[in-house]
Each structure stands twice: as structure tokens, then as C-alpha cells.
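The block underneath contains the structure these notes are about, expressed in C-alpha cells.
The values are calculated or read from the model by the stated rules, or taken from the named source; none is laboratory data. These numbers were taken from a predicted model, which means no experiment stands behind them. As a convention, Cβ positions derive from the backbone with ideal geometry for all residues, glycine included, and neighbour counts pool all protein chains shown. SASA here: full protein model, heavy atoms, side chains in, ligands and nucleic acids out. Shrake-Rupley method; radii C 1.70, N 1.55, O 1.52, S 1.80 Å.
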Amino acid sequence: MDDTHGCPPRDSLSNHRSGSGTIRRIRLENFMCHSNLEIEFGEWVNFITGQNGSGKSAILTALCVAFGCRAKGTQRASTLKDFIKSGCSDALVHVEMNNQGEDAFKPEVYGHTLIIERRISDSTSSTVLKDHQGKKISHRKEDLRELVEHYNIDVENPCVIMSQDKSREFLHSGNDKDKFKFFYKATLLHQVDDLLQSVDTNLKDASALVDELEETIKPIEKEISELLEKIKIQEKFEEVYQQLLHLKKKLAWSWVYDVDRQLKEQAEKIVKLRERGPTCQYKIDRKLGEVESLRETLTNKKAQVACLVDESTVMKREIECLRQSVKTAAREKVALEEEYRHKCNNTQKIKDRVRRLERQIKDIDEMTIRSTQAEQFEIEEKMNQLKLEVEKAESSLSSLKEEENMITEKASVGEKEMEQIEYMIRDHEKKQRHISAHISDLKKHQTNKVTAFGGDRVINLLRAIERHHHQFKMPPIGPVGAHLTLVNGNKWASAVEQALGNLLNAFIVTDHKDSITLRDCGKEANYNNLKIIIYDFSRPRLVIPRHMLPQTEHPTILSVLHSENPTVLNVLVDLGGVERQVLAENYDVGKTIAFEKRLSNLKEVFTIDGYRMFSRGPVQTTLPPPRSPRPPRLCASFDEQIKDLEIEASKVQSEIHECRRQKREAEVNLEDLESKKRRLKRQCTQLEKDLTRKELEMQDLKNSVAAETKDSPTSSVNELHLEIMKSREEIEEKESLLEKLQDCLKEAELKANELKASFENLYESAKGKVGAFEEAENELKEIEKELQSAETEKNHYEDVMKDKVLPDIKVAEARYEELETKRQESNERASIICPESEIIALGPWDGDTPVQLSAQINKINHRLKRESEKYSESIDDLKAMLDEKEAKIGRKRETYKSMREKLKVCQYAVDSRWKKLQRNKTLLKRELTWQFNSNLSNKGISGQIKVSYEDKTLSIEVKMPQDSTSSAVRDTRGLSGGERSFSTLCFALALHNMTEVPIRAMDEFDVFMDAVSRKISLDTLVDFALRQGSQWLFITPHDFSMVKSDEKIKKQQMAAPRSWL
């Protein structure tokens, strides 16, 4: 760093120094220990010495008071009146300053000398500034402050005035933070830092104030925005009004064009009606010719039929007689056959009886022969064998019956299983039909979502509403479900639909009249059970306070629904209470919410699996899921549902196939069981027959044994032979009678065949004549029918000509004349409203009818009326209000903008000064170390000063020449008193060299120095003071004879203090 920085050469200072701001003279009256003291100072170096108590320090205190320092700032008193000498009422400090040169303070006002007088009394103090003639110039503190700032005389800065208290504190303090404070204050960095912080705080306050001011104009800006919106709406109304005028003109001429259209249609109708006359007359003439031709044909056919009637009558009579004869012969034949069959049966019975009698005689003979004892033993043995066979047969029969019962039970179980399988098949088929119906519905819903909420009836209803739209005050909203979507996917779809129910199919209208119109549309569309809700469409979206909602983290139905139409959500809130219906994941969670938590404002809880839970007082109700749930209709896409249902349908079809396979197996098993059962039945029947036969054999055997024990059966045999003879005689008689009956039967059969052949021959011969007669009769009927039809058509065409064609032509011609008159009247009325050229200039006619135009006009009028009720101001009033508010707010905006720009400039300046301050801090730290080393070198000492602005510390490092360890001593208290005072003095001089001020004062600066250090310190101080160029004032109680003599050095001795002894 260059030597001239902050410390110019002595010769240069001597040649150019003006002396402005130096103290020429000070006079004290009744100040502290001085009654009247006047001292003149040299312009360069001044030494004042004296004993303790002689008032040396009072001179520095007086200077501080003169320059505006407070009493506490001098560290000598708490109030200014304490400076008044004891026994006196006031005190005076009179200071004369040089005020010449280019640095002079207002030389045109004060001249070359400026006088400061500070008068102190018990109650007050005053400061007066005088010019060189002693004339009072000012008594304001601001002028004194301006003077002090001009000369940079900050008496609280230790580099300007270092009182004895500050000297002791500074010289003895080893605290790095105290040194930093000394450095920070001496270099005025503290003042600049505080000033910048104050300015930054003020800028922030000013910015906040501007923010508040800008906030005050936001309501006006909002009003301006609302006015602009109103003006925009009014301009739209103007466009709508122009559209209304245009529509009225079109309406006027639409009546004309409508009459023209009717005239054209009527002319075409008259042409068509006139064309119908000749056509109708041609049809009448043609039908008349057909009637005459048919009448002639009918006469001829009737004559032909009359001839055929006589022939057919005779033939029919003969056929009928022959048919009766054939029937009689057939009856006789049947009677003979019956009698013959009866006689044969009787004869056979007699023959059977003869055979039984012969067998009985034979048995009697055999029994007679077996009358020996051996035969008796054989009979008993046979009897025992028969008994064993009977028992065996009974055992076999019992086991077969048990087996049959088991098979019957198995068959019964199989039948029940098959019934159950058939029931499962029917259930699965029903489920499959249900799924197929759902898939069909979903595909239909995929094409048109509206059909999900009522099917094709809704489509028909919407078409009916479209046809009758002009009858509604406001278009109906519906179905409600078509206006709803789910917020978070399809998770809650089934629960939401279960909660809303039929509300999804409902329609919303704005009043009762619209509900009647909608009901008529429903009847027209065959939608009889239509649910209609009446609600005010003008109501805004309902805002529900949080305290009225269930306090739970689970979603409500309202929270998962979204609709572009606020009326739909309002209806769901007012009628369905969806804001109080909570959704739950499952049954357990729903039960906890509904019954255990006791939530306020809770209406119902719906779960995903279909449960519905609610409490009414102490009663807790849980409703199960519906038996046949329907697929969700509120989902955004039906593809996934269709896919799931198709998979489910495939599974159901597989189950049906499996059930059918099981049914076939069951049928096969059942058939096997039935065949086994039938086989067992046959075996049982056969066993029963065998058992019966054996039992009969046993009985016969028993009877034969019993018969042997009786008397001889000779008489019985004779009786049996006699009975056989009688029976044979009866058989012969019966057989001769049968031969006669057989002859009669042959004769009757022959007669019947002959009569049948005759009947067939006669019928074949009469068949041609009867067919010709029936054909002629059918032709006659057909001719009569055609004649009747032709006469009916002829009469119809004659009636049409008479009652329809001619009257219609007359009516159409009359209507045409009426329309021409109406056209002329409509043309005159339309021409009054606007010429036709205006309508033609707008382009070709779009075909709107007067009814459609009237509906549009009514709709626009209704809209204008409704909006005019909302906005009563005219567009001119609104524009005037807008101009007024914009003018009012424009000035404020400009003012606030200007303030903001100035604040921005100030902030930029403050930021720039902060940067400069940081740079100056770095430069001052470097310069301080350089100056400190320079001053230490006078004694052969080297050192360094380390300043930390972040930690607010300043440490001094010195190295003494006799110290061979070459380690730095960081704390000055580690040095001797003289070395510490000298190093501290070097530090102070380094600070002095960095400070520009016209006067400097140091009190008791050389305390605790030894003679050598004091000599070096004084020489250093004097050289520095002469080189630095300011006015210096050194006050010390020591002898200063060792100070070198120089014309620029002035030495003064204070009088010894008076002794009170």
C-alpha cells in the first residue's frame, strides 16, 4: 500500500493546510472547577500539563459539551447542571473556531471565525452560534449538528476526543470485543452500519406502508372489475337486443313467407285435387262396367246352378238311402259277431268244466291206487320237501324285496340329486340370462349413457321434451344420473347407487307448470312412473359449513360425486342428504362409524359390499345387501364391467355344462337302478308265483291225504261221470247253434259287402255331378262377392266424388283466396316494420317458422327481463361510474407506482452502500494492520491486527525483538505496562491515521509507561501529529520537557489547584 494513503507528507500538509475547524480559543465561566479560564490553542500540537485537580480534563469536557454532547456521554456527570461550579447559578463554555479556507462552514454567514456558546443553568441549557463579530446567528440544535457533521467532530469517537476514562479503559482492556468496539466506533463503521440498518428498516416500513396503500385500492379495483363485467354483459345485452330487433323484423316477414308457403302448398293441393276428379270418374265408370258384366255372369251362373240342384238332389237322396242300408247291414253283422263270440265263450267254458271233471276223476282213481303205507311215506317226504322249497322261496323273496327297497331308496336319492342338479341348472341359466341382460344393457349404455337411467323410455322422453321444448320455462334436467360422475374411479359406484336409488332416474324442473308439461311428455313416451323433482334453478351451489358435516376421515357421498350442474348437487343435498351419508370399506368399518363413534350430523352409512346402517334414537338398524345387485351405472367406462360380466358368464356356462354332465351321469345311474328294480320286480313276481304254486301243491297234497282218510269215493266218481255226459250234450247243442249263427253271419257279411259296393259305385258316379254342382255353387258365391265388392267400390268412388273431391276443391279454392288476402295484409304490416330489401340483404331465408321465431323472441325477452332485474343501471351509467373510478384510482396508482420506483431506487442505493461498506471494511482492516506495523517499527517491534466482523473481535499480535522463541503474544496483557501502553498507542495512532477530523484530543494517554516507553511514545505522537496535520491537544499530568521544541508545538502549564486548608 502507498505511504500517501491517509497520511500525506508533512511539507504537503504545511503548504496546503487551511486550519478550518481548529479551536482558536476556549473560555470557561463557572464550569466545573474553573471560575474563569481562557486558553488559546495553537493550530498544530498543544500540550497541557498540570497537577491532578487543576482542571485539565475539564477542558475536554467543556469541548464535548460545547459540541452538543450529553452529560452522560462525558462520563463525568449525569446532568448538565452538575457541571456548574458549586455556589454558582449558571456556567458558560465559549469556543472560538477557525472558519476559513475551502472547508469553511458557511463562510458567507459566519465569516473567518465561528463562535459556539453553551450556557447552562439549573433548569435549562442553550447553545448559540455567532459570527466573527460576535453576532448571534442561530440557536437551533440542528444548526449545531450540521456544523459538527460538516467538520466530522464526533466527540464520542475516541479518535476525536479520548477522555481519561476512555484512555484507562482502552489502555488496560485485553478483551478482543472491546478493542473491536473501539475500532468499529473510531472508524465510523458503527455509525455507517447503524445508519444503513436504520435506512433499511425505514425502507421496509415504507414498502409495507405502500403495500397497505395498494391494498386500500384493491376494493376499488374489484369494483372496476365488476363494472367491466357488467359493461361487458350490457354490451352483450345490446347485441342480444339488436338480435331481438332483427328477429322481430324476421318475424314480421316470416308471416308473409309463411303465407307464401301456404299459398304454394294450397295451389299444389288444388292441382292435386283437380287431378283426382277425372281419376275418380274413370274409376267410377270402370267399376260400373265391371258391375254390369258381373250381373250378367251371375244370371247365367244361377241358371246353371238351378239345373244342377235338381240332379244333385235326386242323387243325394239315393246315396243317403244306400248309406242307411249299409249302416243297418253293418250293425246286424256286428250283432251276429257278438252273439257268435258269446256262444263260443260259453261252449269253451263247458269244455273246460268237462276237462276239470275228467282230471278230478283221474285224481280220485290215482288216490285210490296210492292207498298203501309206502305211498303215505312218499307223500310225507314230498310234503317236507315242499315245505323246504316254500321256506327257501320265502327267504329269497324277502332278500329280493330288501334289495328292491334299497334300490328304491337309492333311486329316490338319485331323483332328489337330479332334481337338485336341475334346480342348479335352472338357477345358473337364470343367472346367465340375467348376466346376458346386464351385458346387453351395458353395451346399450356404452352407446348412450342416458339409457342406463330408464332404458329406451328415457330416449323417447328426451325426444318428446325436444319436441315440446317451447312449452317449458326452463329446459328440464335429467336424468340426474346422467349428470353425475365419480371423482375417484369406480370404487364407490355400487354404494353410491344404492344410496341414491330412484333419484338417479329423476328429472328436475323449475316450477309446477313445467312438471305438468314433463308429465304429459312422459305419457306420450309411455313413461308413466316418471319421478319429477321441482327445484329453483337460480339457486347457486350450496355451501355447507364444516360443522354441519360428519366429523370423520371417511368420504361422504357428496365428496365422491362431481357434476357440472350445481342444481343437481343441490337436489341431492336437499332431498337425499348426501352430505350426511358416509361411505365405508366393509361391514366392520361401517358398523364402527354408524354405531360406535356416535358421530353428529350422520344420517346413514353405506358399505362397498352393500350393507346399509343407521340409528334412529336408541334403535340400531343394519339392512343386508340386495339379493340381485345390478351393475354400476355411474362408472365412466363400461368396458371393464362388460369384460368382467363376460368372464362371469363364461364361468356360469362352464358350471351349466358341468351340471348337465352330472345330470347325465345321474340319469344313467337312475336308469341302471330302474332296470335293476324292474329285474328285481320280475324276479319277485316269479318267486311269488312259484311260492303260490308250491303252496297250492302243498294244499292239494294235504287235501289228497285228507281225502284218502274218508270213505270210498265211488259215488262221487259216478256223479262226476253223469255230470260230464250232461255237459257234452250241452256242448253238442251249442255247437249246432254256432253253426247256424255262422251261416247267418256269412250271409250278413255278404249283404253288407254288396251294399257297400253298390254305395261306392253310386258315390263314384255321383261324385262328378256333386263336384260340378259344388264348383258351380262356389263360382256363384265368388261372382256375388265380386259383384258386391264392385258395387261397393263404385258407390265409394261416387261418394268420394260427391262428398270429398268436389267439396275439397271448393274448400281449397276458398282457402287459397283467404290466404291471398292474408298475404296482402301481412305484407302491408311487415312493410311498416321494415322493407323487404333489408331481409333480402341478410341472405337467403333460413326457413324459420313464425312459431320458432316467436319462441326465440320470447326466450330473449325473458332473458332480457331477467337480466334487467339483476342490472338496473344503464350501460352509460356504468361507463360513467367506470371512468370516475378509473380516474380516482389512476392518480393513486401513479402515486404508488412512483413511490414503489423510488423505494426501489433507494433499496438499490442501500444495497450498493452495503456492498461498499463491506469493501471498505476489508480495506480498513488491511490499512489498520499496515499502519499498526508502521508505528510499532519505531521501537523495533512488529505485529499484526486481526479483525473478525462476523465474531466482532479484534486481536493484536506483537513480537518483541528480544523474544527468541519467535512466537507471537496475542494478548497485550502479556506485555509489560510500558510495552502494552506503547502497542495500544500504536493501535490508536493507526486508527487516528484512518480518521479525518480537524481536532483531536487525548487525556492521560501516557499513564503506566516507563520513561523509555513514554519518550518513544511522545516522539511517536508528536511526529504523527505534525505529519498528520490536524490540531492535537495532549493532556497529561507528567512532565513534557522531553518533548522536542518546535514552532508548531505549544506547551501550557495549568495553575496548581488551590488548597482549602
Residues with amide H under 5 Å from that of Lys1051, placed H, sequence gap 5 or more: Phe47
For region 896-939, alpha-carbon Rg over 2.2 N^0.38 Å: 2.03
Set of lysines with alpha-carbon distance to Lys430 below 24 Å, sequence-local pairs under 8 removed: Lys416, Lys443, Lys444, Lys643, Lys651, Lys663
Peptides 921-930, 43-52 ordered by average Cβ neighbours within 10 Å, highest first: 43-52, 921-930
FRET E, pair Thr685, Leu388, Förster distance 25 Å, beta-carbon r, rounded to 0.05: 0.70
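Between their Cα atoms, which of Lys327/Lys734; Lys179/Lys921; Lys204/Lys904; Lys72/Lys921; Lys56/Lys1050 are more than 21 Å away from each other?
Among Lys327/Lys734; Lys179/Lys921; Lys204/Lys904; Lys72/Lys921; Lys56/Lys1050, the Cα-Cα distance tops 21 Å for Lys327/Lys734; Lys72/Lys921.
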Highest to lowest packing among 142-155, 220-233, scored as the average C-beta count within 10 Å: 142-155, 220-233
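State the extension gain, in nm to one decimal, for the chain segment bounded by Ser440 and His190, taking 0.36 nm per residue of separation less the distance between their alpha-carbons.
Stretched fully, the Ser440-His190 segment lengthens by 81.1 nm.
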Scattering profile of region 542-699 at q = 0.08, 0.09, 0.10 Å⁻¹ [log10 I(q)/I(0), Debye over alpha-carbon scatterers]: -0.51, -0.56, -0.62
For His150, net neighbour charge (Lys/Arg +1, Asp/Glu -1) across residues whose Cβ lies under 11 Å away: -2
Förster-model FRET efficiency, 25 Å R0, Ala1055 and Lys1015, C-beta, rounded to 0.05: 0.40
Packing-based order for 254-260, 193-199, using average beta carbon neighbours within 10 Å, highest first: 254-260, 193-199
Estimated vicinal HN-Hα couplings, Hz - region 144-157 in sequence order (Karplus 6.51, -1.76, 1.60; Gly, Pro = x): 4, 5, 4, 5, 4, 5, 5, 8, 6, 8, 9, 5, 7, 7
Under 25 Å from the Cα of Lys781 - lysines, other chains or at least 8 residues apart: Lys283, Lys287, Lys301, Lys302, Lys316, Lys767, Lys769, Lys794
Neighbourhood charge, 13 Å Cβ-Cβ cut-off, centred on Ala206 and excluding it, Lys, Arg +1 and Asp, Glu -1: -2
Spacing of the two label points (7 Å from each Cα toward its C-beta) at Lys430 and Asn502, in nm: 2.5 nm
Simple spin-label estimate for Gln51 and Lys726 in nanometres, 7 Å along Cα-Cβ: 20.8 nm
Additional length obtainable on full extension of the chain from Lys236 to Glu596, 0.36 nm per residue less Cα span: 123.8 nm
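Between Lys865 and Ala887, what is the FRET efficiency for a Förster distance of 35 Å, r being their Cβ-Cβ separation, to the nearest 0.05?
It comes out at approximately 0.55.
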Virtual paramagnetic centre 7 Å along Cα→Cβ of Ser837, amide N under 16 Å, in region 241-262: none
Estimated vicinal HN-Hα couplings, Hz - region 23-30 in sequence order (Karplus 6.51, -1.76, 1.60; Gly, Pro = x): 8, 8, 7, 9, 10, 10, 10, 6
Region 16-87, accessible area per residue, ligands and nucleic acids excluded (1.4 Å, Å²): 40 Å²
Under 5 Å, built H, 5+ apart or other chain: amide partners of Asn99: Gly21, Thr113, Leu114
Label-point separation in nm, Ala814 to Cys744, each point 7 Å along Cα→Cβ: 9.4 nm
Residues whose placed amide H lies under 5 Å from that of Ala506, excluding near-sequence neighbours: Val480, Gly481
